Amino acid sequence: MITIGIVIFPNVEELDFVAPFEVLSYINKIQSNSTKVLLIAPTLEPVHAFNGLRVLPDVSLENCPKVDILLFPGGKGRTQWMKEPSMQDFIKQHKEEVTYLASVCTGAFFLAEAGVLLGKEATTYHSAFDELSRYGVNVVSSKVVQDGKVITAGGVSSGIELGFYLLRELFGVALAQEVAEKIEYSIDVSAL
C-alpha cells in the first residue's frame, strides 16, 4: 500500500487538495488497498479552508507517520504557512524518505522555501511564475512538471492531472486510465 500525505493548513484552496485526494483514493475501488491518503495539518484542530470548507485532519505534522508521497496544495494561507518553522522542519524531516514530493498550484512555494526546488524545473499558478523563479527555479508553463522525485502541478484544477500522473507512475497507464474512466474524466493518461 502506498501512503500519501496531503498537507493542509488554514486558508488552503479546497480543489488543490480535494482533487488529488479523490483521484488517489478512487483507485481503491478498483484495486483495494492500493493507497492510503492522509490529510496532515499543523494540529488536529479542524482546518478552515479558503472557501469555507471545514476539514478534520487525520494526523498532525508532529505525529505524521512515514509516507511515500508528500503533497502540498496551495491557497491564500500558503504565504504564512510556507515560512512557519514547524512546516519547514516537517519538510526537511521527510524529504529524503519519500518517493515523490509533489505540489499543486502555489503549494510549490512550500518546496521552494525549503530549498527543494533550487535549480529544478517546476510549475505553479500562472500569476506566481515570477515569484517562484526568484527562488532559483526554472519555471515551466505546463500542467505537470517532473524533475527527479519532485512533481509540481500548475493551477488549481491541475491537482486532478497530478493525481493521474502519480497513479500512472505508481500503478501503470492501464489502471490510471481505468480510474479516469470510472470518475468520468476525459484524459489520455499516457500523454501526461
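Rule-based calculations on the coordinates, nothing more; no lab input. These numbers were taken from a predicted model, which means no experiment stands behind them. Note that we place each Cβ from the backbone using ideal geometry, even for glycine, and neighbour counts take in every protein chain shown.
Quick notes
- Criterion violated by Asp130 - all others in (1) touching a residue at least 24 places away in the same chain (Cβ under 8 Å); (2) over 29 Å from Gly52 (Cβ atoms); (3) over 14 Å from the mean Cα position of the chain (by Cα); (4) surrounded by fewer than 20 Cβ atoms within 10 Å (Cβ to Cβ) satisfied: (1)
- The condition (being more than 24 Å from Asn11 (Cα to Cα), surrounded by fewer than 23 Cβ atoms within 10 Å (Cβ to Cβ) and touching a strand residue (DSSP E or B) at 6+ places or on another chain (Cβ under 6 Å)) is satisfied by just one residue among Val140, Val173: Val140.
- Any hit, segment 133-145, residues being without any contact (Cβ under 8 Å) to a residue 24 or more places away in the chain, over 27 Å from Gln93 (Cα atoms) and of a type in the set (A, V, I, L, M, F, W, C): yes
- Ser34, sole failed condition from (1) small (Gly, Ala, Ser); (2) within 16 Å of Pro73 (Cα to Cα); (3) in contact (Cβ under 8 Å) with a residue 60 or more places away in the chain: (2)
- Residues of segment 68-121 that are aromatic (Phe, Trp, Tyr) and under 14 Å from Ile4 (Cα atoms): Phe72, Tyr100.
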